[in-house]
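Right, one structure below, let's go through it.
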Amino acid sequence: MVNQRSRVGVVFGTRPEAIKLAPVISELEKQTERFETFRISTAQHRSMLDQVMQVFGLEPDIDLDLMQPNQTLNGLTCRVLQAMDSVLEVNRLDCLMVQGDTTTAMAAALAAFYRKIPVVHVEAGLRSRDVLNPFPEEVNRRLTGVVTSLHCAPTTIARDNLLAEGVAPEQIVTTGNTVVDAVKMLVDLNMANQELPTGVPDDGSRILLITSHRRESWGTELENICDAVRDVVTRFSDVRAIYPVHMNPNVRSTVMSRLGNLDRVHLIEPVDYFGFLSLLRRCYLVLTDSGGVQEEAPTFGKPVLVLRKLTERPEASLMGLARIVGTSREAIVREASDILASSVVYRIMSEGLNPYGDGRASERIAESLWRWLNGMMPVLDAAEQFDSAVKEQIAVA
């Protein structure tokens, strides 16, 4: 009988999780006749998470406050697993929703599985096929998938990955990525219109926006990235680089020593999400090892150089909107110079539709969740699902 109101637990612990789940929570809470949400924060990342929660109005029902200084993956996993078990023991849930590839998502999903609570995985099916790249995210998302009952795949490629692993088609819905929903919400609220950071002249220069902090890039790879940035800025006199430098000392020591005090290279403190979106809107080209930035940049029509050897988000590169360049100094300089030197190349890379979403992912997730919880099949009609059209566009090209 399709009348019962469902209690949906939603767990998040990092800034990206909160950003990507905020529009989903908002959509669920609009449908009060269908859903009651129960918000759980692990606070895997404390300060960056709090900032986003405040703007989106994400007040958790339970804040586990698990972050510790210099925490290890094993230690964090144990704390999330034990704390979530205690929460799930005393709070009745019809399902638990997790997002992405974090330790919070993986351990919370496992805790729910042990309690026989169905798991809903938002942003399911992303795969790089290399368990060490990105580390530990690739394994986190694979393990989460094993215990998931409803897979909300953002793209058709993600859906195909799940099908290839033996997930039943009726357990998968292609929704688009909720980060596109979140970005559109914030742009509509004029939250991405901040001025350039203090010390960066607004002189019409083309801006390179750089983010690089992944642990697999620490050391020689990050040194190569920094040296490439210096080479590019030296080669193009109308280019300025803005690099919000991560607080991790493994990142800061390398970046400061390689790029500090260079003309037209601006090393700034980490910015909040709204400051980052403002930079993304203003920049000309993005150099990043972030997965989320690969999804956000096409919304603003910004070409991307992916500073990784592999990506679990291949759609943009397959459509010619991004290039996977790794951490070779020569490759980064070559590809960045090609884009900066040719208006034709730039136009081709900046004018495609975002293959990751259309702003309606949260609506699809809510509808699919309701139908799935009530045993209705299919969970979403094929015509209502998000089709990134990556394969079709590749075929045309």
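The values are calculated or read from the model by the stated rules, or taken from the named source; none is laboratory data. Worth saying up front: this structure is predicted, and the values here are computed from it rather than measured. Reconstructed Cβ throughout: ideal geometry from the backbone, glycine too, with neighbour counts over all protein chains shown. The protein model used for the area step is the full one, side chains on, heavy atoms only, and it has no ligands, DNA or RNA in it. Shrake-Rupley method; radii C 1.70, N 1.55, O 1.52, S 1.80 Å.
Tabulate in residue order the Karplus-calculated ³J(HN,Hα) for the stretch 185-195, using 6.51 cos²θ - 1.76 cosθ + 1.60 with θ = phi - 60°, rounded to whole Hz; enter x for Gly and Pro.
4, 6, 5, 4, 8, 6, 8, 10, 10, 6, 5
Scattering from the C-alpha atoms of the chain alone, worked out with Debye: what is log10 I(q)/I(0) at q = 0.06, 0.11 1/Å?
Taking Cα atoms of the chain as identical point scatterers yields -0.23, -0.78.
Find which of Val120, Asn91, Ser41 sits farthest along the positive direction of the dipole of the stretch 1-122, computed with +1 on the beta-carbon of Lys and Arg, -1 on that of Asp and Glu, about the Cα centre.
Sorting the options by dipole projection puts first Val120.
Could you order Ser26, Ser257 by accessible surface area, starting with the largest, using a probe radius of 1.4 Å?
Ser257, Ser26
So what is the 222 nm mean residue ellipticity for the chain from helices alone, if each DSSP H run of at least 4 adds -39500 (n - 2.57) and you divide by all residues, rounding to the nearest 500 deg cm²/dmol?
-13500 deg cm²/dmol
Taking θ = phi - 60°, what integer Hz values does the Karplus form 6.51 cos²θ - 1.76 cosθ + 1.60 yield along the stretch 65-72, in sequence order, with x for Gly and Pro?
6, 8, 5, 10, x, 6, 5, 8
Could you compute the longest span of the chain free of trypsin sites (Lys or Arg not before Pro) located in DSSP loops and having at most 10 other Cβ atoms within 10 Å, not counting the site residues?
With trypsin sites (Lys or Arg not before Pro) excluded where exposed in loops, the chain gives 130-397 as its longest stretch.
If you place +1 on the Cβ of every Lys and Arg and -1 on the Cβ of every Asp and Glu, how big does the dipole about the Cα centre of the stretch 118-186 come out, in debye to the nearest 20?
Using Cβ point charges on Lys, Arg, Asp and Glu, the stretch 118-186 gives about 40 debye.
For the stretch 79-90, in order, what is each residue's ³J(HN,Hα) by Karplus, 6.51 cos²θ - 1.76 cosθ + 1.60 with θ = phi - 60°, in whole Hz (x at glycine and Pro)?
The phi angles translate into 5, 5, 4, 5, 5, 5, 4, 5, 5, 5, 5, 10 Hz.
Rounded, prolate or oblate: pick one for the stretch 192-249, where a ≥ b ≥ c are the square roots of the eigenvalues of its C-alpha gyration tensor, a/c under 1.5 means rounded, and failing that, prolate if a/b is larger than b/c, else oblate.
oblate
With springs connecting C-alpha atoms under 10 Å apart, model the chain as a Gaussian network and identify which of Ile62, Ile242, Ile332 has the largest mean-square fluctuation.
Ile62
In nm, give the distance between the simple-model label positions of Lys309 and Ala164, each being 7 Å from the Cα along the Cα-to-Cβ direction.
Between Lys309 and Ala164, the simple spin-label model gives 1.9 nm.
So, taking all protein chains as they sit and a 1.4 Å probe, how much accessible area belongs to His45, in Å² rounded to tens?
That residue has around 70 Å² of solvent-accessible surface.
Identify, among Met349, Ile62, Ser237, the residue whose Cα sits farthest towards the positive end of the charge dipole of the chain, taking +1 on the Cβ of Lys and Arg and -1 on the Cβ of Asp and Glu, with the dipole about the Cα centre.
Toward the positive end, the furthest listed residue is Ser237.
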